[in-house]
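The structure appears below as structure tokens.
The values are calculated or read from the model by the stated rules, or taken from the named source; none is laboratory data. Bear in mind that the values here come from a model prediction, so they are computed numbers and not experimental data. All Cβ positions, glycine included, derive from the backbone under ideal geometry; neighbour counts span all protein chains shown. Heads up: the accessible areas ignore ligands, DNA and RNA and are worked out on the full protein's heavy atoms, side chains in. Shrake-Rupley method; radii C 1.70, N 1.55, O 1.52, S 1.80 Å.
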Amino acid sequence: MDELRIRESVAEVLEVLPEELTEEVELESFVTYDSTAQLSLMVCLSDLSGQLFDLARLQKLRTFGDVLALMEESSRNGQGS
């Protein structure tokens, strides 16, 4: 999975610059990260991976690094949920 594409897509959902998404940054540190953003992120990541992710799993993501790890795992396992 292309990290740049993931970074740009998540940045668009969170309405931030892609450069702000370091692996360590906590998603909740962005004022735009609310329940609507969580749903949008679920759709975005599902579209990127071609797999469905459930909201409960995405709510466990704390950092952008967690997002990358989820996408890498989904790419390896072929499973989103």
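Looking at SER40, SER75 in this structure, which one is in contact with a helix residue (DSSP H, G or I) (Cβ under 6 Å, 6 or more places away or on another chain), part of a helix (DSSP H, G or I) and not basic (Lys, Arg)?
None of the other options fit; the residue is SER40.
Which members of the range 53-70 meet the condition of being touching a residue at least 40 places away in the same chain (Cβ under 8 Å) and either exposed (fewer than 13 other Cβ atoms within 10 Å of the Cβ) or under 14 Å from VAL43 (Cβ atoms) (or both)?
First, pick out the residues of the range 53-70 that are touching a residue at least 40 places away in the same chain (Cβ under 8 Å): 63-65, 67-68.
Of everything in the range 53-70, just one residue is touching a residue at least 40 places away in the same chain (Cβ under 8 Å) and either exposed (fewer than 13 other Cβ atoms within 10 Å of the Cβ) or under 14 Å from VAL43 (Cβ atoms) (or both), namely VAL67.
Does GLU8 qualify as being out of contact with any helix residue (DSSP H, G or I) (no Cβ under 7 Å at 6 or more places or on another chain) and part of a helix (DSSP H, G or I)? Working first, answer last.
On the way: out of contact with any helix residue (DSSP H, G or I) (no Cβ under 7 Å at 6 or more places or on another chain): no; part of a helix (DSSP H, G or I): yes.
When the stated conditions are applied, GLU8 does not pass them.
Please state which of the following conditions SER74 fails to meet, knowing it meets all the rest: (1) touching a residue at least 24 places away in the same chain (Cβ under 8 Å); (2) open to solvent by less than 50 Å² (accessible area, probe 1.4 Å); (3) under 11 Å from the mean Cα position of the chain (by Cα).
Failed condition: (3).
How many residues, within the range 1-46, are of a type in the set (D, E, K, R), closer than 15 Å to MET71 by Cα and free of Cβ contacts under 8 Å to residues at least 12 places away in the same chain?
So the answer is 2.
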